[in-house]
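Enquirer: Here's a structure for you.
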Amino acid sequence: MSNYLVPASSMTCAPVKKLVTTSRWSMSLLGMVSVFMLAGCSNSQDSADDSSSEATEATAADTKEVLRIGTEGAYAPFNYTNADGTLGGFDVDIANAICDDMKVTCEIVAQDWDGIIPGLKAGKYDAIVAAMSVTPEREQQVSFTDSYFSNALVFLAKKDSSFNPSNSDDINAHSIAAQRSTISSQWLEDTYPKANMKLYDTLSNAFLDLGSGRVDAMISDKLPAIEWLSSPSGSNYVLKGEEIDINDNFAIAVRPGDPLQAKFNESLANLKANGTYDKINQKYFTVSAASTSAATVENTEQPAADSTAQ
């Protein structure tokens, strides 16, 4: 009889049923054996179900799609690096909100500006969210999503400076700082080819030289300029002239032909529709009209293009 007393956990429900229906044992003994076997079968099945569920959940967590985003980390308030090394700013919040909408894990890394498009093309990340202006030259290398921000350019100089950007001779006569490979430096070079441009790898270094008096003036995107003017380093500086509208739009860059382009556009539309975009925008760009006008000298003329620029 010992040949039949196998551990219940090693038996499935089918052998138990067969044993119950075909055995010649006494009803009392058979009843006891059946109870133990069926209990073991049930416990074994429950354990298998639990293990299967845990394995499924672990696999889902391990295989959750990771979206890798490249940003500069040196272009406040759009993107910057905190003291603890983490990344912050408008671009970073927008990227995280997009990842939440797409239900993917967001992995954001910093990349020097000059290498940010090469990094995308080399596969270091899947997209660029870094206050990147859409230009024909860049469109030859990457594909852009719909715009997520509109930008204007401004000039800055010391409060007591006679620098007047509405006068092309003034622009040509002064040293002007700009960040290399940006829409600001490109516009200045195209519009005033005789200008004495001083180019910098980062916007922070350009502001540093302006504040130290190593350059006479600077051209920059409007919002980073206003943020710098509100800092101790920029307290003796103002915007000069009117802001320059060149139909400059920021968009997310992806590799040409990447399906992510359409997915990003869908998520951007969702963020604007559900109010998330407005909340992020207000967090960084609530600049009063008074503060803007106070930073601007009385000069209503637009900068005149140098006649030799044509």
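Enquirer: Wholly within region 77-186, which strands (runs of 3 or more DSSP E) include no fewer than the required count, namely at least 2 residues that are touching a Cys at 6+ places or on another chain (Cβ under 8 Å)? Explain how you work it out, then say what you get.
Expert: On the way: elements: 79-81, 105-110, 143-158, 175-179.
Qualifying strands (runs of 3 or more DSSP E): 105-110.
Enquirer: Taking into account only those residues within region 93-128 that are within 17 Å of Pro259 (Cβ to Cβ) and in contact with a Ser or Thr (Cβ under 6 Å, 6 or more places away or on another chain), which is surrounded by the most Cβ atoms within 10 Å (Cβ to Cβ)?
Expert: Result: Ile98.
Enquirer: Does Lys263 meet the test of being outside any strand (DSSP E or B) and either of a type in the set (Ser, Thr, Tyr) or without any contact (Cβ under 8 Å) to a residue 60 or more places away in the chain (or both)?
Expert: Details: outside any strand (DSSP E or B): yes; either of a type in the set (Ser, Thr, Tyr) or without any contact (Cβ under 8 Å) to a residue 60 or more places away in the chain (or both): no.
No, not satisfied.
Enquirer: So is Asp209 under 32 Å from the mean Cα position of the chain (by Cα), farther than 26 Å from Tyr80 by Cβ and assigned by TED's automatic domain parsing to the domain that holds Leu223 or not? Full working, then the answer.
Expert: Details: under 32 Å from the mean Cα position of the chain (by Cα): yes; farther than 26 Å from Tyr80 by Cβ: no; assigned by TED's automatic domain parsing to the domain that holds Leu223: yes.
Judged against the criteria, Asp209 is not a match.
Enquirer: Can you name the number of the only condition in (1) assigned by TED's automatic domain parsing to the domain that holds Pro259; (2) buried (at least 23 other Cβ atoms within 10 Å of the Cβ); (3) not small (Gly, Ala, Ser) that Ile176 fails?
Expert: (1)
Enquirer: Ok, one more. Tell me the residue from Leu188, Leu229, Leu223 that is without any contact (Cβ under 8 Å) to a residue 60 or more places away in the chain and outside the structural domain of Ser143 (by TED's automatic domain parsing), please.
Expert: Values: Leu229 fails: without any contact (Cβ under 8 Å) to a residue 60 or more places away in the chain; Leu223 fails: without any contact (Cβ under 8 Å) to a residue 60 or more places away in the chain.
Leu188 is the lone residue from the list that is without any contact (Cβ under 8 Å) to a residue 60 or more places away in the chain and outside the structural domain of Ser143 (by TED's automatic domain parsing).
Enquirer: I've got another one for you. Suppose we keep only residues that are in the same structural domain as Leu156 (by TED's automatic domain parsing) and assigned to a loop (DSSP other than H, G, I, E, B) within region 234-260. Which one would you say is farthest from the chain's Cα centre (by Cα)?
Expert: Checking each candidate, the answer is Asn236.
Enquirer: Shifting gears a bit: Filtering region 82-92 down to residues that are in contact (Cβ under 8 Å) with a residue 12 or more places away in the chain and of a type outside the set (Val, Ile, Thr), which residue is surrounded by the fewest Cβ atoms within 10 Å (Cβ to Cβ)?
Expert: Leu87
Enquirer: Looking for whichever is modelled with pLDDT under 95 and within 30 Å of Ile94 (Cα to Cα) here; the options are Ser166, Ser181. Which one fits? Show your work before the answer.
Expert: Working: Ser166 fails: within 30 Å of Ile94 (Cα to Cα).
Only one candidate passes the filter, namely Ser181.
The values are calculated or read from the model by the stated rules, or taken from the named source; none is laboratory data. Everything numeric in this text was worked out from a predicted model, so none of it was measured. Quick reminder, even Gly has a Cβ in these numbers, built from the backbone with ideal geometry, and neighbours come from all protein chains shown.
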